[in-house]
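First up is the structure itself, then whatever we jot down about it.
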Amino acid sequence: MKINQTFILSFVAPLMILISALGFILRGNSKKIFYLPIGLMGISIILEKDLRRRLDRKNIFKKIKSFQKVK
């Protein structure tokens, strides 16, 4: 059974945020700063995907509207 690579990669950003949150909560004060970048990267990946999805939907909608006007 072949597993889709994008399906596996969709869990990376939430996993990064989870690791960051756990590390930030459970580590000592001196090592908490090391978990901040991984959490910020996870959040930025999710926000970037959301923005790209919205722009793609908007472009598809514009194309559909332009084809409807031609007919």
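The values are calculated or read from the model by the stated rules, or taken from the named source; none is laboratory data. Quantities reported herein were computed from a predicted structural model and do not represent experimental measurements. All Cβ positions, glycine included, derive from the backbone under ideal geometry; neighbour counts span all protein chains shown. Heads up: the accessible areas ignore ligands, DNA and RNA and are worked out on the full protein's heavy atoms, side chains in. Shrake-Rupley method; radii C 1.70, N 1.55, O 1.52, S 1.80 Å.
A few remarks follow.
Listed here are the residues, each with its yes/no results for (1) open to solvent by 80 Å² or more (accessible area, probe 1.4 Å); (2) part of a helix (DSSP H, G or I); (3) among the basic types (K, R).
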| residue | (1), (2), (3) |
| --- | --- |
| I3 | yes, no, no |
| F7 | yes, yes, no |
| M16 | no, yes, no |
| A21 | no, yes, no |
| I33 | yes, yes, no |
| I45 | no, yes, no |
| R57 | yes, yes, yes |
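- Yes/no for K49 being part of a helix (DSSP H, G or I) and open to solvent by less than 80 Å² (accessible area, probe 1.4 Å): yes
- Just one of the numbered conditions (1) closer than 23 Å to F7 by Cβ; (2) open to solvent by 100 Å² or more (accessible area, probe 1.4 Å) is not true of I38: (2).
- Residues that are modelled with pLDDT of 80 or more and in contact with a Ser or Thr (Cβ under 6 Å, 6 or more places away or on another chain) are absent from region 5-27 altogether.
- In this entry, F67 passes the filter for residues that are without any contact (Cβ under 8 Å) to a residue 12 or more places away in the chain, surrounded by fewer than 10 Cβ atoms within 10 Å (Cβ to Cβ) and of a type in the set (F, W, Y).
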